[in-house]
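The values are calculated or read from the model by the stated rules, or taken from the named source; none is laboratory data. Since we're looking at a predicted model, the values are computed, not measured. Glycine also receives a Cβ, built like all others from the backbone with ideal geometry; neighbour counts cover every protein chain displayed.
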Amino acid sequence: MSAVTEFDLLGPLPQGTTVLEASAGTGKTFTIAGLVTRYVAEGHARLDELLVVTFGRAATQELRDRVRERLVSARDGLADPATARASTDELLRHLATGGDAEVAARRQRLVHALGSFDSATVATTHQFCQQVLVGLGTTGDVDAAAVLVENLDELTVEVVEDLYLRMWGRDNADVPPLSYKQALALAHVVVHDGQAVLTPEGTPADETPDVRRRFALKVRDEVERRKRERYLLSFDDLLTRLQTTLADKRSGAAAAQRLRSRYSVVLVDEFQDTDPVQWDILRLAFHGHTTLVLIGDPKQAIYAFRGADVHAYLAAAEIADNHATLGRNWRSDPDLLLGLEGVFRGAALGDPRIVVQPVTAAHPGRSLTGPDAPVQVRVVPRGARSPLHVGPARELVSADAVHEVIDLLTSGRVLTPRDGTPARPVLPGDIAVIVRTGVQLDRVHSALLAAGVPSVQRTTSSVFRTGAGADWVVLLEALEQPHRSARVRRLAITSFVGWDAEGLETNNLDELGLRLRQWLRVFEERGIAALLEAIILDERVPSRLLSQLDGERMLTDLRHVGEALHAAAMAAQLGLTASLEWLRRRVDESDRDATVERSRRLDSDAAAVQVVTVHASKGLEFPIVLVPFGWDRFVWEADIPLFHDSDGRRVRNIGGMAPGFTNDQRRHNAEEFGEDLRLLYVAMTRAQAQVTAWWAPSAKSTLSAPLHRLMFAEDPSSDVPERAGVPDADADALARLSTRAIAGCLSVVPAGPRPPIRWAGAAASADVLAVAVLGRTIDTSWRRTSYSALTQGAHDASPVIGSEPEVAEKDDEPEIAVAETGGDSALRALASPMTDLPAGASFGTFVHAVLEQVDPTAADLAAEVRLQAGAQVARYGPVGLPADDVADSLLPALRTPLGPLAAGRALADITPADRLVELDFELPLRGGDRPNGVTVLRELAQLLRTHLPAGDPLEPYAALIEDPIVGDAVLTGYLGGSIDAVLRVDGRYLVVDYKTNRLGGFDAPLTAWDYRADAMAQAMLHAHYPLQALLYDVALHRFLRWRLPDYDPARHLGGVLYLFLRGMCGPGVIAADGSVPGVFAWQPPTALVVAISDALANGVAA
């Protein structure tokens, strides 16, 4: 490991691989934003050559915003170099050094970076991996049709059910060595922790350890097989597949070189939360080749339960070229930092390489008045209760913590906020109580509410673990069988209805049963969301719950569960029984559900004491922090120990009680004890002005608790014991703890019993309340729209009109009657290759998916189309015919020449490099977020008449678009859509849209004649496809204007191809007029496309 130095943001920029340790409060995000600004302004890298990676979507957005703000402030500051050189902003002063010409060049680089800020890659690790894999194409081992899933719990349950039945479900099967519940728990662990080595290996065959391990390996293999079969990807798959790609002996070097040529500087935030796979990706791709800065704090590595592995950080530190630390703390007062040093005393937090080092305070003085030391340890005596059992100890600590909160609110102590606002008394919102578990969270929260102190909870735990989740299960069970009185009675005592025991005896249960049946009708007709609102209205839920101590919390959770259930029911079209099963699984899995969307929401933004779990507090700061349970750690023996072996591998012992198991449990506990110390570090370092912790001498839970071990360690810098004895006498304990006191910084005080207390509340404001007045009009014309939405009125008025809405399902299957014209006997006699294929939205979606995935230039095109058709059947389900038959019917369409616009080429002649599929777009209309006026669709008719030449097959569309049903549609806001394909032919770009419409009737077989030129033109007009074609051509025009440096619409816009696939019969099929059946080619004048683009942006010129 290289020597550790203090990092200077204004010093030489990092080169090679640098590990930058950022202790709590030392400005990690500030440093990252500053580094990005320097790399860009000083010309070391363009913004699109920087990669910034962090862990979590919310953190990514915050980091992206902070980087942009720093770039903006530097750009604006450098506008006046003389003023910048005198600025209090150190970074701005640094960038202003040098001559005015150099400063101007730096500012110009920042201007360019901000102009192209959307090209910056600020992403989560998984987002980055997904982008890379997609960019690598087939080398990346990810099918573009794969669906990314949040977790694999449901698939794991399915696999366990099948394997368990197969292995032990037969009548003559052996007695299973583990129950189904144990098997399911084991499976969840090994699938979630997919990279862990499973032990014990080499145990005697068919003994319990061997059977458990073989079962676990089968589960992993079968989950993997079914994922690939169903085109499913987990977040971990993104990591492992990119790692495999980069490590591949044949293609890995090329893939890594591609990344290095794309990114010259890589900054990784929160690196202590990485894992070995993520570090291996970074190592293979960037270490030793580009600038790689790994920023994190191993002292804050607290996410082992989510797969994070601090050993990966330590491994990176061992091979890094440079190792630096951030030495200034921007959060905490100086005396508080000294007090924390007295608690931790240079302790090693679980590993000799993870050490608490002193930091200096950036802000002088104290921000909170009062005589108390900024760090305080309150000692709870046993008194006559010896030994002190953990239950009473927790009650004593909770009560004392409530007293401390009320003392802070009533003592007159004054806080000087860091945001520059005037000094003021302490408010409830200035205080955070940080706890380890959800049980502790509820305990403190309830105690505060009982004492009249406003309190809110902040936690990362799943909302399905709450009482609201259980209440929703009871509600759905009652709806499923409303005739069962037992279920109705259980519903009566939920928060939905709110009866108590007395109410069950006195209220009319039959009336509740009638309401229950009414709610069932609401569910059946309108779904979960309407059901919740009906119950809330009928049972007056808000007024009843909000009159209770924790009613706001309960109401928030009820709505949260209802929203999640509604979303799931809508997405999967779940009925009542399926919704109930979905909810039961969510509740059962809630203890391991880390999905951000299911974490409990903050129930109020009112000024209140925040009761926070340590994991939820990560990254936050509070003026005052209370840590009540640093003394409380009961040691459980893990059923499936997790530890690292001598080679640093992550290991799971899944064998159960067998030789070596007890030793592995000890190794597991040793690593847990290290994380306990890090959790305490995170909790105590959230404080700006004051932190108070408690110590209590319980009989069993104190010995291995982190605060106890630190305070009673002789020298924590050399060794923090896993267990420390508790003095027998209160006086001895207080005396031992008092030796750690530091005058003015760290105090140790007894916490004697105090009588119950209530907070009277803050003094009422003398401000007069007034009704708010809306002083502006609301623009009801602004909307996000699409071609389908714009023409919806015409579709409703004329049911035979069909089109493709801008959603996943392609609904373009109407029967459109077309007028008969003369004859072309050859075309009339030629049956459509797709005449027997089904119609409907799902079939249209299926065909589009096949064409999106197929490689038309494959050596064996037939085999390629059959492969992709089979894959899409697996994804979308049966389509009415065997996949091979569907594939065979698509082959002629792929081989049909596309006419002069495509230089006579067929789809099979266009290489993947010249084909861009599913180009999504979103165009601002009349200024987007800041409208500059209103345009209605009929105004485009004037442009059509001006630019379309006489005889154009779509010339009549100008009159159709003036119909009020379509023409009154407003064009203000944003227009979204997706172009099926863009083809590049001889330097020109063509819009392609696939249609599976039947243009003939259902009473006769389809023929090529049904897709002659005039029939397609008539269908185009009838379905308003000219509007779609023009909007898509405008989208392509704007895309090319953005992406091509020498863009010229007259040279690059190649026209529009509407491919009516049922009419495309293969090469050699040509109508008498020279047109190709099924291929509608249209070349709108370039001036028309540009004029419509301008009209959508600024309106039609008068």
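Does the stretch 533-548 contain at least one residue that is hydroxyl-bearing (Ser, Thr, Tyr) and closer than 30 Å to ALA607 by Cα? Among the residues of the stretch 533-548, at least one is hydroxyl-bearing (Ser, Thr, Tyr) and closer than 30 Å to ALA607 by Cα, which makes the answer yes. For the residues ARG559, ARG540, ARG521, the requirement of being among the basic types (Lys, Arg) and either over 26 Å from LEU449 (Cα atoms) or touching a residue at least 40 places away in the same chain (Cβ under 8 Å) (or both) singles out ARG521. Scanning the stretch 643-671 for residues that are among the acidic types (Asp, Glu), in contact (Cβ under 8 Å) with a residue 12 or more places away in the chain and either surrounded by 20 or more Cβ atoms within 10 Å (Cβ to Cβ) or part of a loop (DSSP other than H, G, I, E, B) (or both) turns up ASP645, ASP664. Scan the stretch 851-868 for residues that are of a type in the set (A, V, I, L, M, F, W, C), farther than 15 Å from SER889 by Cβ and in a helix (DSSP H, G or I) and the total you get is 2. Of the listed requirements (1) under 40 Å from the mean Cα position of the chain (by Cα); (2) buried (at least 16 other Cβ atoms within 10 Å of the Cβ); (3) over 27 Å from LEU867 (Cα atoms), ASN932 misses just one: (2). Which one is modelled with the highest pLDDT among residues in the stretch 294-342 that are in a helix (DSSP H, G or I) and of a type in the set (Phe, Trp, Tyr)? Per the stated criteria, the residue is TYR313. Quick one: in the stretch 876-893, of everything that is at pLDDT 80 or above and of a type outside the set (D, E, K, R), which residue is farthest from the chain's Cα centre (by Cα)? By that ranking, first place goes to PRO892. May I ask you to say which residue of LEU349, LEU326, LEU340 is closer than 22 Å to VAL635 by Cβ, touching a residue at least 24 places away in the same chain (Cβ under 8 Å) and surrounded by 19 or more Cβ atoms within 10 Å (Cβ to Cβ)? Answer to the check: LEU349. Among residues of the stretch 772-784 that are within 19 Å of ASP968 (Cα to Cα), those with a beta-carbon under 8 Å from a residue that is among the polar types (S, T, N, Q) at least six positions away or on a different chain give the pairs ASP779/THR972; SER781/THR972; TRP782/THR972; ARG783/THR972.
Looking at GLY25 and the list (1) under 24 Å from LYS618 (Cα atoms); (2) exposed (fewer than 14 other Cβ atoms within 10 Å of the Cβ); (3) in contact with a Lys or Arg (Cβ under 9 Å, 6 or more places away or on another chain); (4) not aromatic (Phe, Trp, Tyr), which single condition is not satisfied? Failing condition for GLY25: (2). Just one of the numbered conditions (1) crowded, with 17+ Cβ neighbours inside 10 Å; (2) assigned to a loop (DSSP other than H, G, I, E, B) is not true of VAL159: (2).
Apart from one condition, MET834 fits all of (1) among the hydrophobic types (A, V, I, L, M, F, W, C); (2) at pLDDT 90 or above; (3) under 27 Å from ARG1012 (Cα atoms); the exception is (2). Looking across the stretch 42-72, the residues that are among the charged types (D, E, K, R) and over 27 Å from the mean Cα position of the chain (by Cα) come down to GLU42, ARG46.
Candidates VAL497, VAL474, VAL463: the one that is free of Cβ contacts under 8 Å to residues at least 60 places away in the same chain and within 31 Å of the chain's Cα centre (by Cα) is VAL474. Residue count for the stretch 826-849 under the criterion of being farther than 26 Å from SER1075 by Cα and part of a helix (DSSP H, G or I): the result is 6. Scanning the stretch 399-442 for residues that are in a helix (DSSP H, G or I) and over 37 Å from the mean Cα position of the chain (by Cα) turns up ALA399, ASP400, HIS403, GLU404, ILE406, ASP407, LEU408, LEU409, THR410.
Taking first residues from the stretch 705-719 that are under 18 Å from GLY339 (Cβ atoms) and partners that are acidic (Asp, Glu) and not in a loop (DSSP other than H, G, I, E, B), the Cβ contacts under 6 Å between residues at least 6 apart in sequence or on separate chains come to PRO706/ASP676. Within the stretch 73-124, the set of residues being assigned to a helix (DSSP H, G or I), of a type in the set (A, V, I, L, M) and under 27 Å from the mean Cα position of the chain (by Cα) comprises ALA113, LEU114. Quick check: anything in the stretch 352-359 surrounded by fewer than 16 Cβ atoms within 10 Å (Cβ to Cβ), touching a Lys or Arg at 6+ places or on another chain (Cβ under 8 Å) and more than 30 Å from ASP280 (Cα to Cα)? No, every residue in the stretch 352-359 fails to be surrounded by fewer than 16 Cβ atoms within 10 Å (Cβ to Cβ), touching a Lys or Arg at 6+ places or on another chain (Cβ under 8 Å) and more than 30 Å from ASP280 (Cα to Cα).
Checking each residue in the stretch 1057-1088 for being more than 18 Å from ASP1010 (Cα to Cα) and either among the hydroxyl-bearing types (Ser, Thr, Tyr) or surrounded by 22 or more Cβ atoms within 10 Å (Cβ to Cβ) (or both) picks out PRO1084, THR1086.
The selection criterion, being surrounded by fewer than 22 Cβ atoms within 10 Å (Cβ to Cβ), assigned by TED's automatic domain parsing to the domain that holds GLY296 and assigned to a helix (DSSP H, G or I), does not hold for THR18. For ASP143, the criteria (1) touching a residue at least 24 places away in the same chain (Cβ under 8 Å); (2) part of a helix (DSSP H, G or I) hold in every case but one, which is (2).
The rows are residues; the columns are (1) assigned by TED's automatic domain parsing to the domain that holds PHE305; (2) out of contact with any helix residue (DSSP H, G or I) (no Cβ under 6 Å at 6 or more places or on another chain); (3) in a loop (DSSP other than H, G, I, E, B).
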{"site": "VAL134", "(1), (2), (3)": "no, yes, no"}
{"site": "ASN151", "(1), (2), (3)": "no, yes, yes"}
{"site": "PRO177", "(1), (2), (3)": "no, no, yes"}
{"site": "GLN182", "(1), (2), (3)": "no, yes, no"}
{"site": "ALA205", "(1), (2), (3)": "no, yes, yes"}
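Whenever a residue of the stretch 88-103 is in the same structural domain as ASP76 (by TED's automatic domain parsing) and surrounded by 14 or more Cβ atoms within 10 Å (Cβ to Cβ), its partners that are outside any helix (DSSP H, G or I) and not aliphatic (A, V, I, L, M), lying with C-beta atoms within less than 6 angstrom and at least six residues away or across chains, give the pairs ARG93/SER87.
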